[in-house]
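The values are calculated or read from the model by the stated rules, or taken from the named source; none is laboratory data. Everything numeric here is computed off the predicted structure, so don't read it as measured data. All Cβ positions, even for glycine, are placed from backbone atoms using ideal geometry, and neighbour counts span all protein chains on display.
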Amino acid sequence: MGTRAGAVSVVLIVCLIFACSSVRRVVPLESGTSAVTLSLGGPVTEVAKKYIPLPLLSAGYNYGINDRLGIEAGLNLTGALFGLLHVDAGVNWYPLAAKGAIPGITVTPELFFMSNFEAGGHRLYPTLTPTLYWKPGRHLVYIGVENWFEVHTQRSDGNEQPRHWLIAPYLGYGLSWKKWRFQLEGRGYTPNLVNTGRATKNIGFGSHGIIGVFIGVSREIGGAR
């Protein structure tokens, strides 16, 4: 396997199994306000005998419809460089705003579409992500869990798909400055599944799951603030 083919193989595994999207936008935007996000990071993986978060670059977009509703979309930029498509789109619903020690709630149903443009290489995943967040002043703390639902009976390699519910809990911190927000986020991919026998060596929770680390920056566009 050549160098480029090997790199494509690794990125394909990451994009199609671990779904490295941009950091979460969990706080409502003002009506008519947009936010653009760039994030860098991924599963903590062995590279040149050292474990580092894979530097996968993603872009995200959010738009505030009102205080209770928004929309979002994302694109994996690193995957696109290798001819892999990974896009997502969904809705952000905010049934409860944060107030002091009482957390706000964000619920995000989404669709993720992934493809390597080969026969059998297309996948569509519905997801549902509840998040709790606290926002003391310029700070933001949030915790939640992505729930991925596998609707296919076969995996991309043609074998039977034994798992149809995959989870990825996450914890994040953000700091706002005017229209800018900087975030740090950690994720645990499939902590309920054994992580041995994979093509890459990753750090997980003992023999289960994989840990991911991300940094992100977002910029609000429009709005009164």
Checklist outcome for this item: Residue count, region 86-136, condition in contact with a His (Cβ under 9 Å, 6 or more places away or on another chain), farther than 20 Å from P169 by Cα and of a type outside the set (S, T, N, Q), comes to 4
Checklist entry - Does Y51 count as of a type in the set (S, T, Y), out of contact with any Leu (no Cβ under 7 Å at 6 or more places or on another chain) and closer than 18 Å to V217 by Cα? => result no
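Look at region 204-220 and say how many of its residues are crowded, with 17+ Cβ neighbours inside 10 Å and touching a residue at least 40 places away in the same chain (Cβ under 8 Å).
8
Results for (1) modelled with pLDDT of 95 or more; (2) closer than 16 Å to L184 by Cβ; (3) of a type outside the set (V, I, T), shown as yes or no for each residue.
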residue	(1), (2), (3)
V26	no, yes, no
L40	no, yes, yes
Y51	no, no, yes
P55	no, yes, yes
Y63	yes, no, yes
T78	no, no, no
L84	no, no, yes
V91	yes, no, no
P95	yes, no, yes
Checklist entry - Does T33 meet the test of being modelled with pLDDT of 85 or more, more than 21 Å from L184 (Cα to Cα), of a type outside the set (G, A, S) and buried (at least 17 other Cβ atoms within 10 Å of the Cβ)? => result yes
Next on the checklist: Can you report the number of residues in region 42-58 which are touching a residue at least 12 places away in the same chain (Cβ under 8 Å), farther than 19 Å from F205 by Cα and small (G, A, S)?
Outcome noted: 1
Checklist entry - Tell me, which residue of region 88-102 that is touching a Ser or Thr at 6+ places or on another chain (Cβ under 9 Å) and touching a residue at least 24 places away in the same chain (Cβ under 8 Å) is surrounded by the most Cβ atoms within 10 Å (Cβ to Cβ)? => result N92
Next on the checklist: For the structure I just gave you, tell me whether P53 is surrounded by 21 or more Cβ atoms within 10 Å (Cβ to Cβ) and in contact with a Pro (Cβ under 9 Å, 6 or more places away or on another chain).
Outcome noted: no
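Can you find a residue in region 103-110 that is over 22 Å from P28 (Cβ atoms), of a type in the set (V, I, T) and in contact with a Leu (Cβ under 9 Å, 6 or more places away or on another chain)?
no
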